[in-house]
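Rule-based calculations on the coordinates, nothing more; no lab input. Remember, predicted model here, so these are calculated numbers, not experimental data. Cβ sites come from the backbone with ideal geometry, for glycine too, and all protein chains shown count toward neighbours.
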Amino acid sequence: MSMTMTQKIIAAHCGKDTVIPGEIVLVDLDLVLGNDVTAPVAINEFEKAGCKEVFDKEKIALVLDHFTPNKDIKAAEQCKMVREFAWKYGIVNFFDVGQAGVEHALLPEKGMVTAGDLVIGADSHTCTYGALGAFSTGVGSTDMAAAMASGKAWLRVPEAIKVVLTGKFKPHVSGKDLILHLIGKIGVDGALYQSLEFVGEGVQNLSMDDRLCVCNMAIEAGGKNAVFPVDEVTLAFLKEKGAKTPKVFTADEDAKYVRTIEIDLSNLNSTVAFPHLPENTRTFDEIPKDMVIDQVVIGSCTNGRFSDFVTAAEIMKGKKVHSKVRCLIIPATQQIYLDCMHAGLFDIFIDAGCAVSTPTCGPCLGGHMGILAKCERCVSTTNRNFVGRMGHPESEVYLASPAVAAASAILGRIAQPSEL
Amino acid sequence: MILNGKALCYGDHVDTDVIIPARYLNTSDHKELAAHCMEDIDKNFHKRMEQGDVIVAGNNFGCGSSREHAPIAIKASGISCVVAKSFARIFYRNSINIGLPIVVSDLDIKDGDQLEVDLDNGVIKNLSQNTQDSFPPFSPFLQELIAGGGLMNALKEGKL
């Protein structure tokens with residue numbers, strides 16, 4: 001029976017030749033992930049169940065990234081609990097402040113995921129690693145607890161949507177615009193329980209950072225996972241990061257998809273998701289010129305990678321952030337921070353009047369480091385704009401690319417680079 | 001099991017950020033999470049909620065973050081069941097894993113309607129409107145998981 005790329009990876013991890021959409025299977029996991037918000041709940045469950053050891057010390061990743069550096073005493077206690085668990089059970093891939101970064105930027109950078117892997121994480125944006133040709137999906141804390149003990153998880157085999165890409169982006173259009181466009185088209189539950197499989201000649205024109213950004217937001221369309229085929233870009237990235245030998249799975253020619261969506265990358269424009277759902281997308285011909293803003297955030301597991309800061313710095317170089325705007329620059333990992341520093345990007349940002357922060361998820365989830373007051377408006381390169389996502393329930397988050405965020409910071413309103 | 005309670009109605013795409021805002025995720029204490037349940041979508045949630053009440057919503061309930069704190073907050077508040085037209089997938093599995101009953105149904109329900117949910121026979125009744133709907137049973141794997149008391153019990157029994 002023919003299978004999609006996702007179905008093949010799942011089949012290979014449950015000892016079956018074929019799997020059928022809708023079937024529930026128990027899979028063997030290559031990696032289990034948790035953070036300082038989700039791991040404490042998992043650790044409680046793990047210990048309550050009387051578990052005495054983890055299935056594999058090298059296949060668990062614990063990353064303290066959400067409320068770190070500790071935002072308050074309660075967060076400090078949560079981190080301490082994860083830290084002590086990591087030490088007690090000899091977790092090899094434990095990342096504390098100083099080594100940590102935003103988990104979904106960190107794990108690919110550390111070469112911890114390779115093509116063909118099956119990864120679950122107690123964080124919804126775990127779907128990011130589909131960019132590397134892996135199956136990865138977000139789960140909850142109890143799933144994480146059971147997985148840390150057994151190395152297994154239950155999964156419903158998903159149907160798939162085929163997204164055929166052609167063409168090449170125009171200048172200042174990026175992976176963020178592609179995924180926002182797609183979510184706008186299919187809605188926040190348009191891929192519910194399903195895979196998004198990206199194919200087509202346009203794939204070769206997407207950098208790895210673009211692909212990571214696209215897969216990252218598959219969950220914002222309700223998707224179970226997103227996946228890109230393994231090509232030269234993937235293999236070069238995996239080699240550079242020292243990842244394990246890739247296992248390449250390819251969808252069958254006659255694999256079944258519930259629908260096919262065609263997107264010509266050259267037709268895409270800068271796209272912004274208005275409050276309070278990522279599907280409320282607009283392009284600049286639909287955006288008023290007077291939408292003044294209070295804050296800009298450039299960072300997160302969606303757009304906190306080196307190329308995102310290069311884009312923002314090119315736009316901000318020699319300019320000043322608008323006097324009524326706070327602009328936060330948050331490199332997603334220590335390595336990205338170093339790369340930005342060595343490339344001189346921090347000089348550009350600080351000269352422009354930005355604040356540069358240590359890696360953290362912080363403001364993306366309204367945790368700390370950039371909370372919004374009532375009625376404040378923020379342009380953010382993050383992934384969600386739900387009610388109260390970045391602070392006060394009456395604040396507003398507009399999701400956009402680093403290019404739009406940078407231009408907006410300078411002009412003090414929602415703007416695109418061509419307006420500078 | 002038969003559950004009885006009044007309906008507390010919400011719309012489509014109720015996300016986990018409004019079910020339990022991230023500013024309260026610095027704890028995993030069930031009571032503390034329950035105290036802030038639905039805070040950003042319904043400030044009067046605790047005032048109008050009584051033990052056993054049922055949350056009723058539209059499509060894609062529980063979308064967004066994977067935080068298990070969301071179904072935990074709902075369950076610890078004393079909500080007996082969530083009925084929605086559809087559920088986001090991580091919320092769906094989290095609810096099963098922690099034993100919060102969830103039902104997929106598009107039965108017409110208004111805020112305050114009295115409901116009766118028969119989980120074993122897959123029937124939901126709107127007692128206020130004298131209407132009912134049947135809902136499909138979970139797959140055999142999930143039925144076994146739920147009957148056995150959730151994922152961690154399955155783990156303890158060596159079923160994973």
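Contact order, relative form, for region B:2-156: 25 percent (alpha carbon pairs under 8 Å, 6 or more residues apart, mean separation divided by residue count). Here is the size of region B:108-160 from its Cα atoms: Rg then Dmax, 15.4, 46 Å.
Normalised by the number of residues in region A:53-163, the average gap of Cα pairs under 8 Å and 6 or more apart makes the relative contact order 25 percent.
For trypsin sites (Lys or Arg not before Pro), the sites in region A:364-420 that DSSP calls loop and that have at most 15 other Cβ atoms within 10 Å are A:K374.
Given 20 °C and 1.002 mPa s, compute D for region A:127-286 with the Stokes-Einstein relation, Rh being the Kirkwood radius over Cα pairs; round to the nearest whole µm²/s. Value of D from the Cα-based Kirkwood radius: 131 µm²/s. Take the Cβ atoms of A:E58 and A:K80, set R0 to 22 Å, and the FRET efficiency comes out at 0.40.
How charged is the neighbourhood of B:D133? Take every other residue with its Cβ under 14 Å from the Cβ of B:D133, and add Lys/Arg as +1 and Asp/Glu as -1. Overall, the nearby charge balance is -3. The residues A:C375, A:C14, B:C37, A:C361, when put in order of fewest to most other Cβ atoms within 10 Å, stand as A:C375, A:C14, B:C37, A:C361. The Cys residues in chain A with no partner Cys Cβ within less than 4.7 Å of their Cβ are A:C14, A:C51, A:C79, A:C127, A:C213, A:C215, A:C301, A:C340, A:C361, A:C364, A:C375, A:C378. Where a ≥ b ≥ c are the square roots of the eigenvalues of the C-alpha gyration tensor, would you call the protein assembly as shown rounded, which needs a/c under 1.5, or, failing that, prolate if a/b is larger than b/c, or oblate? Because its axes are fairly even, with a/c under 1.5, the protein assembly as shown counts as rounded. For region B:75-160, which GluC sites (Glu not before Pro) are both in a DSSP coil and crowded by at most 16 other Cβ atoms within 10 Å? Qualifying residues, ordered by number: B:E157. Using a simple spin-label model with pseudo-atoms 7 Å out from Cα toward Cβ, A:L26 and B:D29 lie 3.7 nm apart. One Cα centroid belongs to region B:106-128, the other to region A:249-318; the line between them spans 41 Å. Plainly put, region A:5-264 has a radius of gyration that is 0.97 times its Kirkwood radius, both from alpha-carbon atoms, as the Rg/Rh ratio. Three principal axis extents describe the C-alpha atoms of region A:273-419; from largest down they are 38, 32, 25 Å. From least to most packed, judged by other beta carbons within 10 angstrom and beginning with the fewest, A:S2, A:S307, A:S300 follow the order A:S2, A:S307, A:S300. Counting Cα-Cα pairs of region A:72-191 in 5 Å increments starting at 0 gives whole-percent bin shares of 2, 8, 13, 20, 20, 14, 9, 8, 4, 2, 0. Its alpha carbons considered, region A:1-119 gives a radius of gyration followed by a Dmax of 16.6, 55 Å.
Per-residue 3J(HN,Hα) values for region A:93-98, derived from phi via the Karplus relation 6.51 cos²θ - 1.76 cosθ + 1.60 with θ = phi - 60°, read 9, 9, 10, 9, 3, x Hz in sequence order (x marks Gly and Pro).
Of the trypsin sites (Lys or Arg not before Pro) found in region A:108-172, those that fall in a DSSP loop while having at most 15 other beta-carbon atoms within 10 Å are A:K168.
Taking one quarter of the surface of the convex hull spanned by the alpha-carbon atoms of region A:201-322 gives a direction-averaged projected area of 10.8 nm².
According to the square roots a ≥ b ≥ c of the eigenvalues of the Cα gyration tensor, what is the shape class of region B:2-156, taking rounded for a/c under 1.5, prolate for a/b larger than b/c otherwise, and oblate for the remainder? Here region B:2-156 falls in the oblate category. Residues A:C51, A:C213 in ascending order of nearby Cβ atoms (within 10 Å, fewest first): A:C51, A:C213.
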